[in-house]
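Trainee: I'd like to ask you about the structure that follows.
Nothing in this text is a laboratory measurement; each read-out follows from the coordinates by a stated rule. Quick caveat, the model's predicted, so the values are computed rather than measured. Using ideal geometry, Cβ is built from the backbone for each residue, glycine included, and neighbour counts are taken over all protein chains shown.
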Number of protein chains: 2
Amino acid sequence: MKRIRVDYNYVMDKYIAGGLSEEQLEEYKEKAKLGLSRLLRMYDNGDAGFIGLPSQSTAPLKKFAKEINGKFNDLIVVGIGGSSLGVETVCNAMLPFGYNARSFAERGCFPRVWVADNVDPSKINSILSECQPEDTFVCIITKSGSTVETAANFGVIYEWLTTKVKNPKKQICAITDPEKGSLRAMANDKGFVSFDVQPNVGGRFSVLSPVGLVPAAILGLDIDKLLQGAMSANKDGYEQILTLSAIYMYFMDKGKNINVMMPYSSRLISFADWFCQLWGESLGKSKTKNGQHISFGTTPVRATGTIDQHSQVQLYKEGPNDKVFTFIEVLNHDKDKKIVSPYEAYDYLNGHTLGKLCNIELMGTEAALKTADRPSVKISLDIVDEYTIGALFMLWQYIVPVIGLAYDIDPFDQPGVEEGKDYAYSMLGRKGYDSTKDILTEIYKKQNDFIV
Amino acid sequence: MKRIRVDYNYVMDKYIAGGLSEEQLEEYKEKAKLGLSRLLRMYDNGDAGFIGLPSQSTAPLKKFAKEINGKFNDLIVVGIGGSSLGVETVCNAMLPFGYNARSFAERGCFPRVWVADNVDPSKINSILSECQPEDTFVCIITKSGSTVETAANFGVIYEWLTTKVKNPKKQICAITDPEKGSLRAMANDKGFVSFDVQPNVGGRFSVLSPVGLVPAAILGLDIDKLLQGAMSANKDGYEQILTLSAIYMYFMDKGKNINVMMPYSSRLISFADWFCQLWGESLGKSKTKNGQHISFGTTPVRATGTIDQHSQVQLYKEGPNDKVFTFIEVLNHDKDKKIVSPYEAYDYLNGHTLGKLCNIELMGTEAALKTADRPSVKISLDIVDEYTIGALFMLWQYIVPVIGLAYDIDPFDQPGVEEGKDYAYSMLGRKGYDSTKDILTEIYKKQNDFIV
């Protein structure tokens, strides 16, 4: 039985003006097939390593998680971008809302979890004032080992740990490249437990590597089920991958420059953030075609149903028709809750449940966008669990590079972030970055011109 | 001394290609002045009530908050959209990260806070399993009184309360229209304490009314300071309001259909969400001009520095030049934290602080976008406190309607959300909504066509 279903009626010209004909869909699926074959060839040549992750052995990860289980009240994950968004997604989907407010027993002896992503002293101070050094386990995650925010936050946390704990290395694990980079060197020197992110697995494609799996295992989640779900996309998902890739490509070509990911569940809010990174950083690229410089890509936007019906749907319905929408529906909400009307004016709600209401509202929005010829697809999950989350991850990990490769875009690099980093290093006084100083001084001549 | 500064160098053609000339800025400021004069005329005629909110009396609110202080471990705020985003913004900015995980004493005897916004059984179940009925205070907020999600969530919570508590009305307050609507009727019938949202204050403009102030006061925040900050925009903010409105209008006219709000602080993430509602729902409108139907508006996108440097900045720098960026900088981060390098490779971080690093990264990104001719403005706050948050609220509460009114758009309505609501009511079997049933059946004929 398929646990994920894709309904793409409302992108077809049978239902909306400006939609695809069946011929166009086939044509774009051929384009997607080209992208997919390029992707699979890369994998055969030792790249695009995310494809092989579902078949990795999880035994060492589970063994490690078991060893530290029950020993720590808190887990701090230090990472940013691809090293934090996957963990956040899994936690948001699988841990109860307000998990960190629960007692140790209520949590089944699993630790609370704090993601130290931003270099924001307020956030880091708050985390450290909540945790006790002797009762805290720290995962530091950076594939390259050079991520400045992660290094800075870890520096603060490591100092906090070492001033109170005699043997801090027993409370730290590092997740990074098996050989390269400063985190690998530090982990080896200091004797931290470590797990490898294979060199052919990019940061934003790493959630199903130890990057996502180690924290998930420490939190008691079923990482085998995550991988089984991911495997299902590998095995049976090609038709969904090709269809969705084709649809997104069609609307990109039609000039819709915004891609809205809108799950109808608070448990999938972080999934939409994860998607935004994967989409934006993989496809937002400059390329040169026939000697001409072209800016490629569309902008991912996260929305949440039903919340954003009270925020963004007005714009979606009546504003510019510049978007393609992806809804995610949860067919069966866990422990669905019967609504009891608190007052006669609300009696029409009696007999319904919160989850059913949520899904009815999704149908209402879907219909209202349809009548305004705004294209939408709907992904339906039977339930939210590790399996469907794993499948969602893998589905989009295919779709995004399939689209990139079909358009001769490298979906695995991110050259556009280097310049800003170099400027920052220069301002930090890091050796080897003096050369950008003059450029920066020139840029920052502004300062006193236009200010109110 | 000005506590908020607006730096708009990098939207000017002196610095970026495609930017404004000084003449164009003046021209667009004239347009903005027209919008502002229309807005102020509306206020004089008894509309646009948000403008008057800073001078309201807060004594009754503070008295009420004092009465219940120390008596409850938990506060559940039931509301959605304009009735929750403001509260979330104030909490995100002013309460420590992980606040709900703190003990009663650590919280200064103020309650934990749970916002029941979405009709998601998982979220509501989690909240109720964390709280004890006898120890929980509930604020239900809906201006109109008819918001279906709020009614449904309150129904569930009210039932939970009444099965355990003899006199539940002592634990509930309602915030709604002074006379109209079902929540007003219920509050009167059941004897809930209530606070008024004046009819001329729209939901997304209501954060400085009791909607935002009552929860903030219960949580021990300084609501007078919020209003003082808001007042400062009223008094001294016109130059900033006109300048920013002019800039946004110029780039709207130039076809940049995406407006990115990117604070460099985890404390302002919810502010960006609040902004997205205000912008999207106020300006995303259809209008008729010379007999032609026009879709108006641009799409707001929330981003967070430094996190989204590892997610969206690749796209921002190299993808399509279809955006205008608004950075928010915090000049002085509270209790800034010195970075101690954990390993020699990171020694370049020694001597810096987390907050300084955050601001340096903002400068790096700003410079990198500038060299790619991507327009950005930077709002600098001296610190994050109730005053600057209040000022930010008011600044954008002016800017958005100024832009709308300058373009003959009604920034205060949201007609585009009615159709989806009507469909939902029809599916719920609500009386009076049978007529949409046939339309829906027609729309939903699809179902079995295009599914993979």
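Trainee: Could you tell me how far the Cα centroid of region A:393-438 sits from the Cα centroid of region B:359-386, in Å?
Mentor: 19 Å
Trainee: A follow-up question, please. Going by amide H atoms built from the backbone, whose H comes under 5 Å of the H on residue A:337, apart from near neighbours?
Mentor: Answer set, sorted by chain and number: A:354, A:355.
Trainee: Separate question: Kindly write out, for region B:372-384 in residue order, the coupling ³J(HN,Hα) from the Karplus curve 6.51 cos²θ - 1.76 cosθ + 1.60 (θ = phi - 60°), rounded to whole Hz, with x marking Gly and Pro.
Mentor: Coupling constants for region B:372-384: 9, 6, 9, x, 9, 10, 10, 9, 10, 9, 5, 9, 8 Hz.
Trainee: Separate question: For region B:102-178 and region A:266-332, compute the distance between their C-alpha centroids and round to whole Å.
Mentor: 32 Å
Trainee: Still on this model: Given the pairs A:31/A:225; B:180/B:235; A:378/B:421, which are separated by over 30 angstrom at their Cα positions?
Mentor: With Cα atoms farther than 30 Å apart: A:31/A:225; B:180/B:235.
Trainee: List, largest first, the extents of the alpha carbons of region A:189-290 along their principal axes, each in whole Å.
Mentor: Each principal axis gives a Cα extent; for region A:189-290 these are 52, 35, 28 Å.
Trainee: Another question about this same structure. Can you tell which of A:231, A:212, A:57 lies farthest toward the positive end of the dipole of chain A, using +1 and -1 charges on the Cβ of basic and acidic side chains (Lys, Arg; Asp, Glu)?
Mentor: Comparing the listed Cα positions along the dipole, A:57 ranks first.
Trainee: Long-range amide H contacts for residue A:116: which residues qualify at under 5 Å (H placed 1.01 Å from N, peptide plane, sequence gap of 5 or more or a different chain)?
Mentor: A:77, A:78, A:79
Trainee: Let me ask you something else. Mind putting a number on the dipole of region B:330-452 about its Cα centre? Charges go on the C-beta only, +1 for Lys and Arg and -1 for Asp and Glu, and I need it in Debye to the nearest 20.
Mentor: Value, rounded to 20: 280 debye.
Trainee: A further question on this structure: If each label sits 7 angstrom from Cα along the C-beta direction, how far apart, in nm, is residue A:108 from its counterparts in the other copies?
Mentor: 3.8
Trainee: Using per-residue counts of other Cβ atoms within 10 Å, averaged over each peptide, order A:163-171, A:151-159, B:8-16 from highest down.
Mentor: Final packing ranking: A:151-159, B:8-16, A:163-171.
Trainee: Determine the dipole magnitude for region B:163-296: charges of +1 sit on the beta-carbon of Lys and Arg, -1 on that of Asp and Glu, nothing else is charged, the reference point is the Cα centre, and the result goes in debye to the nearest 20.
Mentor: Result for region B:163-296 is approximately 460 debye, rounded to the nearest 20.
Trainee: Viscosity 1.002 mPa s, temperature 20 °C: give me the Stokes-Einstein translational D for chain B in µm²/s, with Rh taken as the Kirkwood radius over C-alpha pairs.
Mentor: 90 µm²/s
Trainee: Set Lys and Arg Cβ to +1 and Asp and Glu Cβ to -1, take the dipole of chain A about its Cα centre, and tell me which of A:25, A:109, A:406 lies farthest positive.
Mentor: It is A:109, whose Cα lies furthest towards the positive end.
Trainee: Suppose R0 equals 45 Å. What FRET efficiency, 1/(1 + (r/R0)^6) with r the Cβ-Cβ distance, do residue B:410 and residue B:444 give to the nearest 0.05?
Mentor: 0.90
Trainee: In region A:30-113, what GluC sites (Glu not before Pro) fall in a loop by DSSP, with at most 14 other Cβ atoms inside 10 Å?
Mentor: When the GluC sites (Glu not before Pro) of region A:30-113 are filtered for loop state and at most 14 Cβ neighbours within 10 Å, A:106 remain.
Trainee: Moving on to the next point. May I ask you to list the trypsin sites (Lys or Arg not before Pro) in region B:301-341 that are in a DSSP loop and have at most 13 other Cβ atoms within 10 Å of their Cβ?
Mentor: B:335
Trainee: Using only helices, what value at 222 nm comes out for chain B when you add -39,500 (n - 2.57) per DSSP H run of length 4 or more and divide by the total residues, to the nearest 500 deg cm²/dmol?
Mentor: -13500 deg cm²/dmol
Trainee: Could you compute the FRET efficiency for residue B:434 and residue A:289, with r as their C-beta to C-beta distance and R0 at 41 Å, rounded to 0.05?
Mentor: According to the calculation, E is roughly 0.15.
Trainee: A further question follows. In peptide B:280-289, how many Cβ atoms from other protein chains are near each Cβ within 10 Å, on average?
Mentor: Average per residue, whole number: 4.
Trainee: Next question. Only four residue types carry charge here, +1 at the Cβ of Lys and Arg and -1 at the Cβ of Asp and Glu. Report the dipole size of the protein assembly as shown about the Cα centre in Debye, rounded to the nearest 20.
Mentor: So the dipole magnitude of the protein assembly as shown works out to roughly 1280 debye.
Trainee: OK, next. For the protein assembly as shown, count the residues as N, evaluate 2.2 N^0.38 Å, and divide the Cα radius of gyration by that value, please.
Mentor: Cα-based Rg divided by the globular estimate yields 0.90.
Trainee: Moving on. Looking at chain A, do any whole DSSP H helices span at least 27 angstrom along their long axis by alpha carbon and average -0.5 or above on Kyte-Doolittle, and which?
Mentor: Answer set is A:386-406.
Trainee: Can you give the mean number of other chain Cβ atoms that lie within 10 Å of the Cβ atoms in peptide B:113-119?
Mentor: Per residue, the number of nearby Cβ atoms from other chains is 6 on average.
Trainee: Using modelled backbone amide H atoms (1.01 Å from N, in-plane), which distant-in-sequence or interchain residues come within less than 5 Å of residue A:296's amide H?
Mentor: Those qualifying (amide H under 5 Å, at least 5 residues apart or on another chain) are A:285, A:286, A:287.
Trainee: Residues of A:89-96, mean number of Cβ from any other protein chain within 10 Å of their own Cβ, rounded to a whole number?
Mentor: What the average comes to for A:89-96 is 1.
Trainee: Highest mean first, what order results for A:294-301, A:79-86, B:57-64, A:113-120 on Cβ atoms within 10 Å?
Mentor: For the peptides A:294-301, A:79-86, B:57-64, A:113-120, the packing ranking is A:79-86, A:113-120, A:294-301, B:57-64.
Trainee: Which entries of A:317/B:323; B:254/B:323; A:317/A:370; A:62/A:164; B:143/B:287 have Cα-Cα distances beyond 18 Å here?
Mentor: Distance filter (> 18 Å) returns A:317/B:323; A:62/A:164; B:143/B:287.
Trainee: Taking Rh as the Kirkwood radius, which is the inverse of the mean 1/r over Cα pairs, what is the Rg/Rh value for region B:1-148?
Mentor: 1.11
Trainee: Here is a further query. Sort all Cα-Cα distances of region B:70-219 into consecutive 10 angstrom bins from zero, then give the percent of pairs in each bin up to the one containing the longest distance.
Mentor: P(r) over region B:70-219, rounded to whole percents: 12, 45, 37, 7, 0.
Trainee: To continue, here is another question. Need the full-extension length gain, residue A:350 to residue A:129, defined as separation in residues times 0.36 nm minus the C-alpha distance. One decimal, nm.
Mentor: Taking residue A:350 through residue A:129 to full extension adds about 75.1 nm, to one decimal.
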